[in-house]
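The values are calculated or read from the model by the stated rules, or taken from the named source; none is laboratory data. Nothing here was measured: the structure is a model prediction, and the numbers come from that model. Methodologically, a virtual Cβ is constructed for each residue, glycine included, from the backbone with ideal geometry; neighbour enumeration extends over all protein chains shown. These accessible areas exclude ligands, DNA and RNA; they are computed on the full protein's heavy atoms, side chains included. Shrake-Rupley method; radii C 1.70, N 1.55, O 1.52, S 1.80 Å.
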Amino acid sequence: MAYVGEPFAHDIFVSYSHGDDGNGQSFLQPWSVAFAHELERELRSDRRFRQDLRIFLDDKHRPGQGVDPMAPLTDQLRAEIGASAILLILMSPDYLASQWCAEERDWWCARQAELGLPADDRIAVIRIWPTGAEPWPAALTDARGHPLVGFAFSEPVEGSDSHRPLGWFELPGPFPVAFRKALLAIVGRLYPRLDALRSTLANRVRAEAERARLASDGGQTIYLHGRAEHAKAWEAAGMALIDCGFAIVPGEPDAIEHDPEKLQEVRERRVEALCGCDALLLLGTDDGRALDADLVVVGKHDRQSARARSNRLLPCGLLDTAGDAVATPVRKATARIMQTDWLDGTRTQWTAEVRHWLGAKARAAGGSP
């Protein structure tokens, strides 16, 4: 598995043209392979990347990497490039003229769309040879059609208007200081990209697992918030939910504290408990003013704190056990604005509505954590 994690097998796919002359001579391949080797070595200098980093280059033959000489090249490369987190392009006139490179690029972009992952900031263009005024493909241009800035990695040939990639004249090495400095500038940009994608993918995995829990047929942990003075109604609602297969926390309704320090302690414990829950239900009794306060304090502020801390969906519902006494148009509209769903707890089989609500929240979450 790549450092960034599933669904990627490789962190970086190095796409380049061999610069063939039609007679079996590949002008760019030796330098490109050397560049990829030095890039990997520099990236692995950081201990965090040393073990798990995976770079794919079609000239490698390590176990689990490189091109299997017994497999159809196009089919295998299609799979390898699609399983790469970052597309790194060694840009040259030969690259722009290569149909093979164009197919690699199209395969990668198509696979990212299938995965639902934006390709922005995941294409690194290394300008190893000036391309002049030749147009670049759309995937390598900005919103105005200008070529991506990329990284300059060439130097002029003295006495002419030609350029060569840095380190061209020192191949196979050791490479000069200018090569090292330019390479480190690339590495410095790749590190945060890889870390950010790793975090995004980890959040996706957590969100998918959370959606699966919400959609499952019972077993979810629900924070049932009610006040101590409404203990009887809280107990009845809690037992009904437990009988339906839900786990309920806390073990008793919340005490109302008026001392600021104790009140903060209560809220901190509540947020801590919410971080481990799948959903929040606010108990709505005929005490409308208490319900208004709970909507703001618990349903909005404490829930937001828990979501920020745990990075969980934590859908919020208001379980109305009083009916018309509290279900005013203004209060229901306010609940919607606070992203709190109104659930009718006056019905005989209201627990089925809770189950349906959790399933609907799982479906609505889609691909977003």
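Figures for the structure shown
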read-out	value
Flag if D324 is part of a helix (DSSP H, G or I) and free of Cβ contacts under 8 Å to residues at least 40 places away in the same chain	yes
Some residue of region 341-351 being of a type in the set (K, R), modelled with pLDDT of 95 or more and surrounded by fewer than 20 Cβ atoms within 10 Å (Cβ to Cβ)	no
Residue check for L313: of a type outside the set (F, W, Y) and open to solvent by less than 20 Å² (accessible area, probe 1.4 Å)	no
Residues being farther than 19 Å from D302 by Cβ and either of a type in the set (A, V, I, L, M) or touching a strand residue (DSSP E or B) at 6+ places or on another chain (Cβ under 8 Å) (or both) - total across region 324-335	6
Residue within region 317-334 that is under 34 Å from the mean Cα position of the chain (by Cα) and closer than 30 Å to A202 by Cα present	yes
Test result for G276, touching a residue at least 24 places away in the same chain (Cβ under 8 Å), closer than 23 Å to G218 by Cβ, under 28 Å from the mean Cα position of the chain (by Cα) and surrounded by fewer than 17 Cβ atoms within 10 Å (Cβ to Cβ)	yes
Residue list for region 279-310, restricted to those being of a type in the set (K, R) and surrounded by fewer than 21 Cβ atoms within 10 Å (Cβ to Cβ)	R289, K300, R307, R309
Verdict on R105 being on the phi < 0 side of the Ramachandran plot and either part of a loop (DSSP other than H, G, I, E, B) or open to solvent by 60 Å² or more (accessible area, probe 1.4 Å) (or both)	no
Residue list for region 213-226, filter: at pLDDT 90 or above and open to solvent by less than 40 Å² (accessible area, probe 1.4 Å)	L214, Q220, T221, I222, Y223, L224, H225, G226
Selection from region 117-167 of residues that are in a strand (DSSP E or B) and either of a type in the set (D, E) or within 20 Å of V14 (Cβ to Cβ) (or both)	I123, A124, V125, I126, R127, P147, F151, A152, S154, E155, R164, P165
Single residue of E170, E210 found to be surrounded by 12 or more Cβ atoms within 10 Å (Cβ to Cβ), modelled with pLDDT under 95, among the charged types (D, E, K, R) and over 22 Å from A365 (Cβ atoms)	E170
Some residue of region 290-300 being touching a Cys at 6+ places or on another chain (Cβ under 8 Å) and touching a residue at least 24 places away in the same chain (Cβ under 8 Å)	yes
Given (1) within 16 Å of L190 (Cβ to Cβ); (2) surrounded by fewer than 19 Cβ atoms within 10 Å (Cβ to Cβ); (3) hydrophobic (A, V, I, L, M, F, W, C), index of the condition L115 fails	(1)
Selection count where residues are of a type outside the set (G, A, S) and open to solvent by 10 Å² or more (accessible area, probe 1.4 Å), scope region 75-102	9
Search result, residues across region 234-247 that are in a helix (DSSP H, G or I), hydrophobic (A, V, I, L, M, F, W, C) and open to solvent by less than 40 Å² (accessible area, probe 1.4 Å)	W234, A237, A240, L241
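Residue by residue, here is whether (1) within 18 Å of A97 (Cα to Cα); (2) in contact (Cβ under 8 Å) with a residue 24 or more places away in the chain holds:
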| site | (1), (2) |
| --- | --- |
| L115 | no, yes |
| D120 | no, no |
| P130 | yes, yes |
| H146 | no, no |
| E155 | no, no |
| S160 | no, no |
| L183 | no, yes |
